[in-house]
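The block underneath contains the structure these notes are about, expressed in structure tokens.
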Ligand SMILES: Cc1ncc(C[n+]2csc(CCOP(=O)(O)OP(=O)(O)O)c2C)c(N)n1
Ligand SMILES: [Mg+2]
């Protein structure tokens, strides 16, 4: 098993220039939304932030193959980039961050990072790590039983692979050749617990034991992740069953706004990974391909900044739900 970086150019992957710019824009948007969330948290306006920073390439590269509203996604709390790519807006995400009534994810009931949309087939996460995997396998089974060509993307961190749910889902998906792609965003920490205390052996190699392919990719290289995911979804749509993708990446922020990561990791380590920032890496690729220069970058960033400004302004002014609404959509009515 080799660590797959981009070996081929985007043309060979069937991607056009417009695709690359769309991927880049989404990665940058996810980063800028996240950065603003931390500011709102430090201003005392947002109770809790959990970041996608550092994971943008893994998320956008994997989800770029999905057909929003047809395929299903079971994201985990870091997958802001996936939600944005599929069609959520910064406004949706800030409404959720500030727990406003209009939050389309859960009307302010869930914690931030619990993405959900009926229209986009994004299924909300539960708080316990890893419970999404058997649910995702079940959805893949439904696609198969109906004879439809839908696929399911199920995401989580490396620590979620230590739980029984992940193994049960992998086994079940392997037995029934289900159209599901497991994406493990391995950022080498589970809050303060390092990978070496969490993961025995290799995550990607475990797939072999369940009878389907497992690939390890450079999770900071959006095209490498795209390439692996494209192959995986083609297999799934062709009835060949599941694939496991282990995207090696790093979270550039603390676990959440409630965590002080100075207590368990060195600043030099973070600096080292900042050099491999997936956004900077993709910028370099785009510049070499003649698709991006300083001027274009600044123009796109300025547009994103005003989009983020507008979204924050809207979300801050939006009303909270009335207390009486707390029990709505919790119990069966009538
Ligand atoms: C079953 C369970 N155990 C513990 C927790 C507390 N918890 C929340 S996130 C987290 C770390 C998960 O790490 P990983 O899966 O690597 O994802 P990452 O946050 O690094 O992206 C833990 C232990 C939980 N939510 N559920
Ligand atoms: Mg982790």
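Read the figures in this text as sums done on the coordinates, not as results from a lab. All of these numbers come straight from a predicted model, not from anything done at the bench. Glycine also receives a Cβ, built like all others from the backbone with ideal geometry; neighbour counts cover every protein chain displayed.
A few remarks follow.
- Structure-based [θ]222 nm, the chain - -39500 (n - 2.57) summed over DSSP H runs of at least 4, per residue, nearest 500: -13500 deg cm²/dmol
- Ranked packing of 176-182, 138-144, most packed first, by mean Cβ within 10 Å: 176-182, 138-144
- The spread of Cα positions in the chain, taken along each principal axis and listed from longest to shortest, comes to 60, 51, 41 Å.
- Comparing 97, 223, 40 in a Gaussian network model of the chain, where Cα atoms under 10 Å apart are tied by springs, the biggest mean-square fluctuation is seen for 40.
- Peptides 198-209, 230-241, ordered by how many other C-beta atoms sit within 10 Å of their residues on average, highest first, read 230-241, 198-209.
- Highest-first arrangement of 281-291, 266-276, where packing means the average Cβ count within 10 Å: 281-291, 266-276
- Of all DSSP beta bridges in segment 110-198, antiparallel share, percent nearest 5: 35 percent
- Counting only DSSP beta bridges whose two residues both lie in the chain, roughly 10 percent are antiparallel.
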